[in-house]
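Input: a single structure, listed below in structure tokens.
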């Protein structure tokens, strides 16, 4: 009886396939894409925008993903073409070596001799003192298309500070690695704002970092002097492998574009006592816990027939310290995306969470925190409905409506077809 109940619980997602804000599965050729296409990044196009930097002192927010399509660091580009006077470090550090959530100290960059100010520690927003000796604050980092990935809110805080201190803010645009056609998930409701949800964005927002800057600057009343240096050759139908660009790990636990695609769905397990695979070689592809029956979970999820994904029973042992179940064997599933066009990570992740909760015999729990004003799962999902046990179908219906509304709002900020 329990198995039948679980299958029925997840199967309702099939009745709610979100066609209103996605597109049907099509071949790459049908989308007008070829293997020889090469996108030019915003930083590749800097020579067309040198007037913005002429005679100005420049600061740069970046990390290892900030580089040209020819592997030249954006730090080196700005150091050569502008008067670079300051660098700013987000979560994971300017060289990408700092674990998730760890505070970062300010220091001097050895290669350039330029001071590096931390934006992930006690100060997440550039202070007036940090900006006092510069005229232009630039931003170049690869986003992954998920609202609860902190880089977009590092950018938002920096835009606020640029406005408050009279600085020009420049964004070197980059692809959304999971495409720009599909929008999924709930938006943040008032009272649930955090560093993984500062503004009412959906979990999978469908915008490039430059388009996000344009939207936040206007819709959320930042109002800074914003310049977006656009890409050339990018289309909304492109996934990262369509761009011809090299992938650089955006953080220690996003090693591939495939991880980025899954993150907006399985990232919500960060608000639970279920491992999201951090501490393994497949973070966010593996989901499990010591008390999960892998075969039963995989069977339930596959029986639900969720589009574009298959679930394989697995056992894994997280090895990284300070992660859930470090050194303990976990049963669970590996998510294999079989059709990126059809796959909906957000509804898949939530369906998986509800299934695990149903079959856990009371062992599933939402994380508790002594510091957050609201429960961790609430700031992932945007309100308290999931934590309070609202029916899966009801939540997905609400989330679909929120996604449709956001996509309609965001269209006016598109830079690309």
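The values are calculated or read from the model by the stated rules, or taken from the named source; none is laboratory data. This structure is a prediction, so every number in the text was calculated from the model and none was measured. So basically every Cβ, Gly included, is an ideal-geometry build from the backbone, and we count neighbours across all protein chains shown.
Things to note:
- Residue match in segment 97-115 (condition: modelled with pLDDT of 85 or more, within 28 Å of the chain's Cα centre (by Cα), more than 17 Å from residue 169 (Cα to Cα) and surrounded by fewer than 21 Cβ atoms within 10 Å (Cβ to Cβ)): yes
- Test: residue in segment 346-354 that is at pLDDT 95 or above, surrounded by fewer than 19 Cβ atoms within 10 Å (Cβ to Cβ) and not assigned by TED's automatic domain parsing to the domain that holds residue 181: no
- Under the condition of being modelled with pLDDT of 95 or more, farther than 21 Å from residue 49 by Cβ and assigned to a loop (DSSP other than H, G, I, E, B), the residues counted in segment 150-175 number 1.
- Residue match in segment 39-52 (condition: closer than 21 Å to residue 169 by Cα and at pLDDT below 95): no
- All conditions but one from (1) at pLDDT 95 or above; (2) within 19 Å of residue 61 (Cα to Cα) apply to residue 201; the one that does not is (2).
- Against the conditions (1) at pLDDT 55 or above; (2) closer than 26 Å to residue 352 by Cβ; (3) under 27 Å from the mean Cα position of the chain (by Cα), residue 20 satisfies every one except (1).
- Unique match (being touching a residue at least 40 places away in the same chain (Cβ under 8 Å), in contact with a helix residue (DSSP H, G or I) (Cβ under 7 Å, 6 or more places away or on another chain) and in the same structural domain as residue 125 (by TED's automatic domain parsing)) among 206, 210, 191: 206
- Residue 60 vs. criteria surrounded by 15 or more Cβ atoms within 10 Å (Cβ to Cβ), outside the structural domain of residue 397 (by TED's automatic domain parsing), modelled with pLDDT of 95 or more and farther than 30 Å from residue 347 by Cα: yes
For (1) under 18 Å from the mean Cα position of the chain (by Cα); (2) surrounded by fewer than 20 Cβ atoms within 10 Å (Cβ to Cβ), each residue gets a yes or a no:
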{"residue": "194", "(1), (2)": "yes, yes"}
{"residue": "206", "(1), (2)": "yes, no"}
{"residue": "209", "(1), (2)": "yes, no"}
{"residue": "216", "(1), (2)": "yes, no"}
{"residue": "224", "(1), (2)": "no, no"}
{"residue": "227", "(1), (2)": "no, yes"}
{"residue": "233", "(1), (2)": "no, yes"}
{"residue": "248", "(1), (2)": "yes, yes"}
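- Qualifying residue in segment 285-301 (condition: under 18 Å from residue 176 (Cα atoms) and touching a helix residue (DSSP H, G or I) at 6+ places or on another chain (Cβ under 9 Å)): no
- Residue 323 passes every criterion in (1) over 22 Å from residue 399 (Cα atoms); (2) modelled with pLDDT of 95 or more; (3) surrounded by 14 or more Cβ atoms within 10 Å (Cβ to Cβ) apart from (2).
- Residue among 137, 181 that is under 30 Å from residue 244 (Cα atoms), part of a loop (DSSP other than H, G, I, E, B) and modelled with pLDDT of 95 or more: 181
- Filtering segment 303-313 to residues that are part of a strand (DSSP E or B) and buried (at least 17 other Cβ atoms within 10 Å of the Cβ) leaves 309, 311, 313.
Conditions (1) within 30 Å of residue 70 (Cα to Cα); (2) not in a loop (DSSP other than H, G, I, E, B); (3) not assigned by TED's automatic domain parsing to the domain that holds residue 208, marked per residue:
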position: 235; (1), (2), (3): yes, no, no
position: 246; (1), (2), (3): yes, no, no
position: 264; (1), (2), (3): yes, yes, yes
position: 267; (1), (2), (3): no, yes, yes
position: 270; (1), (2), (3): no, yes, yes
position: 297; (1), (2), (3): no, yes, yes
position: 315; (1), (2), (3): no, yes, yes
position: 318; (1), (2), (3): no, no, yes
position: 321; (1), (2), (3): no, no, yes
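- Test: residue 386 is under 22 Å from residue 294 (Cα atoms) and either in the same structural domain as residue 271 (by TED's automatic domain parsing) or modelled with pLDDT of 95 or more (or both): no
- Check on residue 333, closer than 15 Å to residue 289 by Cα and buried (at least 19 other Cβ atoms within 10 Å of the Cβ): yes
- Hey, residue 286 in contact (Cβ under 8 Å) with a residue 12 or more places away in the chain, in the same structural domain as residue 374 (by TED's automatic domain parsing) and either more than 14 Å from the chain's Cα centre (by Cα) or surrounded by fewer than 19 Cβ atoms within 10 Å (Cβ to Cβ) (or both) or not: yes
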